[in-house]
Every structure is written in C-alpha cells, then in structure tokens.
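For reference, the structure is listed below as structure tokens.
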C-alpha cells in the first residue's frame, strides 16, 4: 500500500512538472473563458457580419444556459479528443521509455501500477473540471449577470462521467496497444462509433453514448430523463476497463 | 552455503528460436557471479526472467529460496536491479529519483536520506542537482547502480553494469562491487572479460542460450589447460615450421602465431613446455627473443569454450 502511495506521489509530480500541467488546463481554460463570451455575443457577431441578410431571422436573447451549453459542447468534442490523445500512452509510455522496468522490479505490483495511474489522472481531471467550471460560472455571471449553479454543475458532473469512461478505456487501450498513437486512434474510432450509435434511442438511454446529449439538456436548465443508467453503465465500463488493463498488464512481458 | 539464485532447465523460446535452452545455474549466497557471454547469448533474457519481467517458456527460477513465478513484494524488496540501459524520469533530479525508489522499498526517511547522500557520492553524483534528462549515458549508468543499492539488497542483479562507463568510471564501479563482497550476492552479466576476471569468484559462460560451463574462476582455469606461454623468435626464423613442431608435442593444447614471429601456446604441462621449448627453438636455428609463461586468462578460456561451441 505504501509503495502505491509513493507511486501516486510520483504520478502527481509528473503531472505538475511536465507538459501535462499545461495542455489540458490550457484547453479547459480557453473553453471556460470563451464559452460564455461566444454565447453572449454570437447574435451581435452574426448581425455585424451578415448585415441585413438575416433581418427576418430573429435570434433568441442569449442566456446563461447558452453559455453552459457552449462549455459542455466544447468539452464534449475537443475536450474528449484531447483527453483521448493525451492518455493514449498512459501505460505504454512508461513501457516504451523503460522506466516501467525500474519501477516494476521494486516492491510495486503491476496492478497498483495501472490502477494508480487511472486514479491519479481521474482526480486530476476532476480538479481541472472543477476549476474550469468555476471559471465558466464566474465569466457567465460577469457577462450575463445571472448564473444559476445547478444546471452548470450537474452538466459538468455528467461530462466528468464521460471523461472517466474514456480515461478507463484509454488505460485499457494503452496496455493493449504498445504505441500511444495507435491507442489514441482506437479511442477516437470508438468515440465516433459511440456518437453515431447514440442516434438510436436505446443506445442513448443505456450507454455512455447518451451522456453528452443529457449533459447539454442539463446545461440548458431542463431536467433530463434517464441520466442514471448511462452514468452507471459508463462508470461500470470504466472500472471494468481499468480492471482488465491491470489483469492484462500483469501477464505481459516487459 | 545457501543458494541465492537457482535456475533449472530454464528455457525461453521466441518464435521457435531458443533464446535460452535448458539453462541450469546455481549462485551461492555471498558470491560474486559473473554471467559471461557474447552479445546475443541470452544474458539479458535470463535477467528479465530472473527479475520477473518476462516469463519462461519452461523451467523454474528460484530467487532467495522462492519461485519467482509466485514471488511477491517480499522477494522484490530484497533485490537490487540495474537493467542494461537504465531509463529514468527525466524531470527528476538524482536525489529525487533515489528518494522515490527508496520510498517504493518503504525505507525510513532518515535512512533514505543518509543512503541517498552516500550512494550518490560514491557514484560521483553528489551535489549534482540538474535534472536527469541532461545526464550523459555514463552518469545515468552510475545513477542506475546507485539506485540498485538503495535497499541494501541481498541479491544484486546487474546487466552489463560497466558497458557505458569510461575507464575511471569502470574502476569505481568494480571497486564498489568488490567492497560489497560478502555483504550481498552479486550476479552480473558482462561481455567485458577483464571486469569479470577482476571481481568475480564464480563464472557462468553462456553462448547461444546454453550454459557452456559454470565454476569458480580457479577451477575454470585449471580445467582448461592452466597456462599459456608466449614465445618470440627472430624474424629470420621459420616460425611456421617451429609452430608446427611445437603443436606436435603432447603438452601443447593450442598453438597460434602472428606474422611477427610471436607464437602463442596454451599448455597442459608448463614445466615440460618450459624445459623443451628452448631446444625446439634451437633445433630450427631460430633466435629466442622472448619466452613468457603465465596463467591462462579468462579470455583464453572464453575463446576456447565459445570457439568450440561455434
């Protein structure tokens, strides 16, 4: 147990002292700041660009819900893409560089090696999301004057479940595929398949495919039906993927 | 004396090719064991299996009395390991890496600090506060040896520990290993025969996945001819004919010569050879410039064994 904590400390410092500390936070901060601004000024930008062309078209007055929707939409596409690409080498990176050899000949189990990575990065994602959501909340309050917390935080929580689902899958893919790019390709392919499959109602109701739609509905301030099952299924699949990754990694040769 | 490391019929196959072929090794506790072999002999594969990084196709490995297949943290806690090309977290400094590794072994913070300072000083890295990413290969190798010793291991496994070092670095590492004699069992693979000869008391020679021999250095030398004599005759002499004449003697095991009148003879009976050689030289009307007798080196034995195997 103690060695797992020491390894977790290393993982944390690795995040803080390498490129990992910049990339995802920068992406999230950009979305957090620009989301409310884009939502607020899109009608004005459109009329400035198009002039009288759309004079008959009346855009609804933007609300805080639009700002939240923009934030969740960005997270749900580019945010997930970035996550998949960044975590393509979450396990294979250490195998390829050779550092896993030095660590795993010490009293650290291979299961702990994989699980600690997944847990530390889940916590990191949670912290980043909390910070980004706070920024969005603050900017929305500044721009719109009114920023209800419930829709924003509930939709962010649903997105976090989706992020944990993909992090779990990437942990498994990173054990299965030695190359980070290969694992990321697999992850992106699966993202497309799940997104397309979610058009079919049963998939949206019972799988991670339905999470993005529900997060957007929640962000708009509308109560979303059947959030529980996609959330539970996603968390269960994420846990199963990490468990499978640990079991496979235990049997692999380094 | 108990056995620190034992392999029985250890076999590893890659795509039908035997990287290790029924390897039997036995390393006594407290010994310094040199695991010799040319490049590609299977040394690194054997070490990967011994450390649990790879699994054997068949056969067993017992490390400190436990089967490595079922050994857990208790056994790994008593091992020190240096891979052939050690890799580190480039963003760490050497003291940070040592404290990380010591933490994995559960070492007390005070002991860890003392050992870190002492080992880094010994490795010539005391006071180096830059990140490991900027280290030379030699510095990384020395850090690799230091981290392998952080837990004061009962069994120290080193894969080519001196291969990336300059002569002074090599000497320091060999001195360090010499100083550990009796306090830990050291098993190190190498193709640098002089290093093995300097510090090891037991050797195993591996070639093409097979153990050609395993014995103490002394036994090895006495079993394989025991002595060599180097003979130099004047250039005007017919050295080829003289070499042929020497090769016919019963005490001559191997005779070889270069183009400069130097004849190298491995002999089974040094006294008889020393007695007869001057007269043989005289019989060919050759002038004797030099006659040197000495112990057979590990290199001689290695070349003889590996050469035979090839």
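Based on the mean of other Cβ atoms within 10 Å per residue, sort peptides A:230-237, B:182-189 so the most packed one is first.
Ranking the peptides A:230-237, B:182-189 by packing returns B:182-189, A:230-237.
Which three extents, in whole angstrom, do the alpha-carbon atoms of chain B cover along their principal axes, largest first?
If we take the Cα atoms of chain B, the spans are 75, 45, 38 Å.
Write down the Å³ per residue value for the convex hull defined by the alpha carbon atoms of the protein assembly as shown.
Roughly 218 Å³ of hull volume per residue.
Which of B:278, B:161, B:95 ends up with the largest GNM mean-square fluctuation for chain B, with Cα atoms connected below 10 Å?
In the Gaussian network model the winner is B:278.
For peptide B:82-89, what's the mean number of Cβ atoms from other chains within 10 Å of each residue's Cβ?
5
Two decimals, Cα atoms only, Kirkwood Rh: what is Rg/Rh over the range B:163-264?
Ratio of gyration radius to Kirkwood radius for the range B:163-264: 1.11.
Can you put B:136, A:216, A:174, A:109 in order of Cβ neighbours within 10 angstrom, beginning with the fewest?
Taking fewest neighbouring Cβ atoms as first place, the list is B:136, A:109, A:216, A:174.
Can you tell me the convex hull volume per residue for the range B:225-309, based on C-alpha atoms, in Å³ to the nearest whole number?
About 87 Å³ per residue, rounded to a whole number.
Just the ratio, please: alpha-carbon radius of gyration of the range B:41-153 over 2.2 N^0.38 Å, N its number of residues.
Compactness ratio reported: 1.15.
How much of the calculated P(r) for the range A:1-73 lies past 14 Å, in percent of all Cα pairs?
72
How large is Rg over Rh for the range A:2-251, taking Rg from the Cα atoms and Rh as the Kirkwood inverse mean of 1/r across Cα pairs?
Ratio of gyration radius to Kirkwood radius: 1.03.
Just want the ordering: B:104, B:119, A:129, B:291, from fewest to most Cβ atoms lying within 10 Å of their own Cβ.
B:291, A:129, B:119, B:104
Partner chain Cβ atoms within 10 Å, averaged over the residues of B:46-58 - can you pull that number for me?
2
Considering just Cα atoms, how many Å³ per residue does the convex hull of the range A:83-157 enclose?
Once divided by residue count, the hull of the range A:83-157 is 110 Å³.
With a 10 Å Cβ neighbour count serving as the proxy for reagent exposure, in which order, fewest first, do A:87, A:166, A:68, B:89 appear?
Taking fewest neighbouring Cβ atoms as first place, the list is B:89, A:166, A:87, A:68.
At 222 nm, what helix-only mean residue ellipticity would chain B give, in deg cm²/dmol to the nearest 500, using -39500 (n - 2.57) for each DSSP H run of four or more?
Rounded to the nearest 500, the figure is -10500 deg cm²/dmol.
Per-residue Cβ counts within 10 Å, from other chains only, averaged over B:95-103: what number is that?
If you average over the peptide's residues, the count of other-chain Cβ atoms is 3.
For the range A:197-237 and the range B:108-147, what is the centre-to-centre distance using only Cα atoms, to the nearest Å?
Their Cα centres are 52 Å away from one another.
Set the Förster distance to 30 Å, then compute FRET efficiency between residue B:250 and residue B:69 from the Cβ-Cβ distance, nearest 0.05.
FRET efficiency, residue B:250 to residue B:69: 0.05.
Given only helices, namely DSSP H runs of n ≥ 4 each adding -39500 (n - 2.57), what is the per-residue ellipticity at 222 nm of chain A, to the nearest 500 deg cm²/dmol?
Calculated mean residue ellipticity at 222 nm is -26000 deg cm²/dmol.
Mind checking the angle between helix B:167-179 and chain B's longest principal axis? C-alpha axes, 0 to 90 degrees, to the nearest 10.
That helix lies at roughly 70 degrees to the long axis.
Each reported figure results from applying straightforward, stated rules to the coordinates on display, with no laboratory input. Just so you know, these numbers come straight off a predicted model, no measurement behind them. Quick reminder, even Gly has a Cβ in these numbers, built from the backbone with ideal geometry, and neighbours come from all protein chains shown.
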